[in-house]
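Below is one structure, written out as structure tokens, with a few remarks after it.
The values are calculated or read from the model by the stated rules, or taken from the named source; none is laboratory data. Given the structure is predicted, the values throughout are model-derived calculations rather than measurements. Positions of Cβ are backbone-derived with ideal geometry, glycine not excepted, and every protein chain shown enters the neighbour counts. Areas reflect the complete protein model, heavy atoms only, side chains present, ligands, DNA and RNA absent. Shrake-Rupley method; radii C 1.70, N 1.55, O 1.52, S 1.80 Å.
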Amino acid sequence: MNTPTWQKAASFAARAHQGQMRKDGKTPYVAHVVRVAMTVRDVFGCDDPVAICTAFLHDTIEDTATDYDAIHHRFGTEVADCVAAMSKNMLLPEDARETDYDARLATAPWQARIVKLADVYDNGHDLERTMRVHKNIERCRRALELTRQDLPAPCFVAAHERVTHLVEQLTARAD
């Protein structure tokens, strides 16, 4: 029996994020990456295997001891490149880090960009625990801007509509 790659990515992410918790201190961090993967597939309607694997793995380089080579070895160049595009370079000062991240994400493969939309979508829905409404509104707007060009329809149409609606809800809540 051949295990689907997305299942391998889910297991890898669970092991990599083992012991990590969300900001609420109660929710295992891996719940976030599972929700992001489900958002890509079920909310945005994207069944691309690279996008789904990237969703499961999107925080492994940035938030765990995992490096690019480990992702590349297990999941290939496409997935590793997408995960790398979603990873901030923590060696840079914060302003430079954000500029570098935005530039890489804007030119990243479409799979990384749709995962970014799913990431901000999930974080926006997680506000009851984080209560960082204004910061999440800005992140959603930035993600929408960074993902506008050269996007395959219809999954990006659905993704943009969902994130735009979320921004509207968050803005109304913040006022």
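Brief remarks on what is shown
- Annotation: SER11 fulfils all but one of (1) in a loop (DSSP other than H, G, I, E, B); (2) at pLDDT 95 or above; (3) open to solvent by 40 Å² or more (accessible area, probe 1.4 Å); (4) polar (S, T, N, Q); the unmet one is (1).
- Between VAL43, VAL33, the distinction of being within 13 Å of the chain's Cα centre (by Cα) and within 17 Å of ARG113 (Cα to Cα) belongs to VAL33 only.
- Some residue of the stretch 126-148 being within 28 Å of ASP24 (Cβ to Cβ), open to solvent by less than 30 Å² (accessible area, probe 1.4 Å), modelled with pLDDT of 75 or more and not acidic (Asp, Glu): no
- Failed condition for PHE44, given (1) closer than 24 Å to GLU168 by Cβ; (2) surrounded by fewer than 14 Cβ atoms within 10 Å (Cβ to Cβ): (2)
- Pairing residues of the stretch 14-26 that are farther than 18 Å from PHE56 by Cβ and of a type in the set (D, E, K, R) with residues that are open to solvent by less than 70 Å² (accessible area, probe 1.4 Å) and modelled with pLDDT under 90, at Cβ distances under 7 Å and at least 6 apart in sequence or on separate chains, gives LYS23/THR130.
- Members of the stretch 48-96 found to be more than 19 Å from THR3 (Cα to Cα), open to solvent by less than 60 Å² (accessible area, probe 1.4 Å) and more than 17 Å from the chain's Cα centre (by Cα), listed by number: LEU92, ALA96
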